[in-house]
Every structure is written in C-alpha cells, then in structure tokens.
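S.K.: First the structure, which I've put down as structure tokens, then a few questions once you've had a look.
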Amino acid sequence: DASGNLYVGCNSLSNNAGLQRYTKSTSVWANITPAGLDPRVPDIELSSTGRLHIVCGYINTPAASSGYRYTDNPATVTSAGWTSAATSFSPTNVNVDLASNGNTLYALPSNTSYQVATIYKSTNGGANWSATGTTPGFTSGQAWFCMGVAIDPTNADNVIVGSLDCYKTTNGGTTWTKISNWVGTTGQYVHADQQIMTWRNNNQVLVGSDGGIHYSSNGGTT
C-alpha cells in the first residue's frame with residue numbers, strides 16, 4: 001500500500017493460510033483474514049482509492065463460509081473489521097478473479113462447472129454489484145485454474161478478460177469481442193490458459209499464460 005505495507009493472499013490450508021499483512025513499521029506479519037470466512041484466498045485487489053478487496057473460498061468451500069469483503073483501512077484492519085457488500089456477486093465458493101480502476105471493479109466468479117456464467121461490475125467501490133450486460137464463453141470449464149482480467153487505467157469501460165481466449169469490452173460489459181485465438185491460423189495468437197493480466201497507460205497490455213507472456217501496445221488489437 002502507500003505506506004509500504006505488504007498483503008499476501010494464500011490459497012492453501014497451511015499454517016499461513018488466509019490474508020497475511022506485513023506492517024513495515026513493526027516488521028511483523030499478522031493474519032487479517034475476515035472473521036468467519038474460509039482461509040483460502042483466490043484473489044485480493046488493492047484499489048488506487050486505498051480500499052482493499054478480498055474473496056475467501058476456493059473449490060469445495062461451503063457457501064456459508066465463502067464471501068467477498070472490503071476495507072478502507074487495510075493497514076490497521078483486524079479480522080473483525082471488514083465490510084460486506086450490500087449486494088454482492090455469486091457464487092464465491094469456487095474461484096473468483098478481481099480487477100479495479102478506482103471505484104469501478106469487475107469480478108469473475110466461477111460456478112461449480114468451472115465456468116464464469118456472469119461477469120459482475122461495481123461502480124461504487126464494491127458496495128453494490130450487478131451483472132454486466134453479457135458474458136462471453138471464455139473459460140471453457142477452466143475457471144478453477146486460469147482466469148485473468150485487466151482494466152484500462154484511463155477508461156474503466158475498457159476491459160479484457162481471458163482464460164482459454166481473450167475477450168474485450170469497450171462499453172463496460174454490455175458487449176464483448178473475441179480478440180485472441182490460441183489455435184488455428186486466423187486472428188491474433190495468445191497462448192491458452194491465461195493466468196494474469198495487467199493494463200498500463202499508453203494502452204500497454206500484458207497477458208501471462210502457460211505459454212509465456214504476450215504483449216500488446218494498442219489495447220489488445222495486436
């Protein structure tokens with residue numbers, strides 16, 4: 001965060017499971033996993049607003065012990081100090097990937113068939129979520145394993161998601177267009193099993209997959 005504290009979300013049932021915070025001023029690690037939630041953390045997202053977002057719960061987690069939370073005080077929050085969304089996305093007990101641009105967030109929640117049936121969006125910092133207009137079939141049963149989402153830092157309506165292939169929206173999720181192909185001889189090649197994405201200023205997009213890193217200098221066009 002802005003004060004140099006570190007946050008690590010662990011996705012295993014080890015002794016260090018859950019969300020761990022390293023406080024720079026004390027050099028101490030502490031477990032700050034939201035109280036009552038599963039300690040497996042598939043994703044965390046620290047927004048430019050300073051708000052920290054977290055999803056707890058992974059494959060086979062009981063629905064009652066999974067969930068999404070956020071805090072505006074990540075440097076001092078305790079397990080009991082997290083806030084629940086007034087209206088959240090679902091499900092949260094299989095796998096979820098998050099991305100943020102200020103108060104705008106997108107969530108990719110997997111269902112038990114390991115598909116992202118609905119991409120969700122929040123425009124008020126995670127307090128309320130609603131389904132985007134459409135959701136492309138981009139996960140192909142692999143959402144337990146590989147998902148990625150990145151938002152244009154200059155325009156929160158421009159978003160790229162990926163898993164087997166990459167899709168892009170320029171209208172906040174109302175419509176999506178396929179922008180990559182991992183097989184065949186047409187389109188732009190990006191290797192399958194996309195795991196992570198980042199979108200930087202000047203329309204630079206990086207996609208990390210099981211086949212390496214793919215780079216675009218024009219927002220995913222080439």
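The values are calculated or read from the model by the stated rules, or taken from the named source; none is laboratory data. Quick caveat: nothing in here was measured; it's all calculated off a predicted structure. All Cβ positions, even for glycine, are placed from backbone atoms using ideal geometry, and neighbour counts span all protein chains on display. SASA here: full protein model, heavy atoms, side chains in, ligands and nucleic acids out. Shrake-Rupley method; radii C 1.70, N 1.55, O 1.52, S 1.80 Å.
S.K.: So how compact is the chain: Cα radius of gyration and Dmax in angstrom?
M.R.: 17.0, 55
S.K.: Oh, and also: To the nearest 10 Å², what's Lys121's accessible area with a 1.4 Å probe?
M.R.: Near enough 40 Å² of accessible area.
S.K.: Under a point spin-label approximation (7 Å from Cα along Cα-to-Cβ), what is the Thr175-Leu13 distance to one decimal in nm?
M.R.: The modelled label-to-label distance comes out at 4.7 nm.
S.K.: Would you please give the residues with an amide H less than 5 Å from that of Trp182, counting only those at least 5 places away or on a separate chain, with H modeled from the backbone geometry?
M.R.: Amide H neighbours of Trp182, under 5 Å, 5+ apart: Val190.
S.K.: So how do Trp199, Trp144 rank on accessible area, 1.4 Å probe, biggest first, that is with the largest at the start?
M.R.: On the way: Trp199 15, Trp144 105 Å².
Of Trp199, Trp144, the descending order of accessible area is Trp144, Trp199.
S.K.: Treat each spin label as a single point 7 Å out from the Cα along the C-beta direction, and report the Thr112 to Thr134 distance in nm.
M.R.: Distance between the two pseudo-spin positions: 2.9 nm.
S.K.: Also, quick follow-up: Over the chain, with a Gaussian network built from C-alpha contacts below 10 Å, which listed residue (Thr49, Thr134, Thr104) shows the highest mean-square fluctuation?
M.R.: Comparing Thr49, Thr134, Thr104 in the GNM, the peak value goes to Thr49.
S.K.: Check which residues have an amide H placed less than 5 Å from Asn5's amide H, if you skip close sequence neighbours.
M.R.: HN-HN under 5 Å from Asn5: Lys24.
S.K.: A follow-up question, please. How far apart, in nm, are the 7 Å Cα→Cβ label points at Thr185 and Thr78?
M.R.: Output for this residue pair reads 6.6 nm.
S.K.: Moving on to the next point. Please report the relative contact order for the chain, taking Cα pairs under 8 Å with a sequence separation of at least 6, and give it as a percent rounded to a whole number. Let's see the in-between values first.
M.R.: Numbers: 604 pairs, mean separation 23.4, N = 222.
Here the relative contact order equals 11 percent.
S.K.: Still on this structure, I have one more. Just name one of Asn15, His53, Ala64: the one whose Cα is farthest towards the positive end of the charge dipole of segment 6-80 (beta-carbon charges, Lys/Arg +1, Asp/Glu -1).
M.R.: Checked the options; the winner is Asn15.
S.K.: Continuing with the same structure: In terms of solvent-accessible area of protein heavy atoms at a 1.4 angstrom probe, what is the ranking of Thr170, Thr33, Thr198, highest value first?
M.R.: If we order Thr170, Thr33, Thr198 from most to least accessible, we get Thr170, Thr198, Thr33.
S.K.: Would you mind getting me the FRET efficiency between Thr26 and Asn202? Use the beta-carbon distance for r and R0 = 35 Å, nearest 0.05.
M.R.: Details: r = 38 Å, r/R0 = 1.09.
It comes out at approximately 0.35.
S.K.: Among Thr76, Thr154, Ser90, whose Cα projects farthest towards the positive end of the dipole of the chain, with charges put on the beta-carbon of Lys, Arg (+1) and Asp, Glu (-1)?
M.R.: Checked the options; the winner is Thr76.
S.K.: Using only the Cα atoms, what convex hull volume per residue in Å³ does segment 105-222 have? Walk me through the intermediate numbers first.
M.R.: Working: hull volume 11.0 nm³, N = 118.
Per residue, the Cα convex hull of segment 105-222 comes to 93 Å³.
S.K.: Just to compare against my own numbers: the Cα pair-distance distribution for segment 2-69, 10 Å bins, whole % per bin, please.
M.R.: Spelled out per bin, shortest first, that is 21, 51, 24, 4.
S.K.: With a 1.4 Å probe and all protein chains in place, put Asp43, Asp210, Asp1 in order of accessible area, largest first. Before the final figure, lay out each step's value.
M.R.: Details: Asp43 25, Asp210 85, Asp1 55 Å².
Result, largest first: Asp210, Asp1, Asp43.
S.K.: Pull up the cross-link candidates among the lysines for Lys178, meaning alpha carbon to alpha carbon under 19 Å and not fewer than 8 places away within one chain.
M.R.: Counting by Cα, and skipping residues close in sequence, Lys178 has these lysines nearby: Lys168.
S.K.: Would you mind getting the accessible area per residue of the chain, heavy atoms of the protein chains only, 1.4 Å probe, in Å²?
M.R.: Details: 9930 Å² over 222 residues.
With all protein chains present, the chain gives 45 Å² per residue.
S.K.: Let me ask something additional. Set the Förster distance to 30 Å, then compute FRET efficiency between Thr154 and Ala127 from the Cβ-Cβ distance, nearest 0.05.
M.R.: Numbers: r = 24 Å, r/R0 = 0.79.
It comes to 0.80.
S.K.: I would also like to ask the following. Out of the DSSP beta bridges found with both residues in the chain, what percent are antiparallel (nearest 5)?
M.R.: Working: 53 of 55 bridges.
Taking every DSSP beta bridge within the chain, about 95 percent pair in antiparallel fashion.
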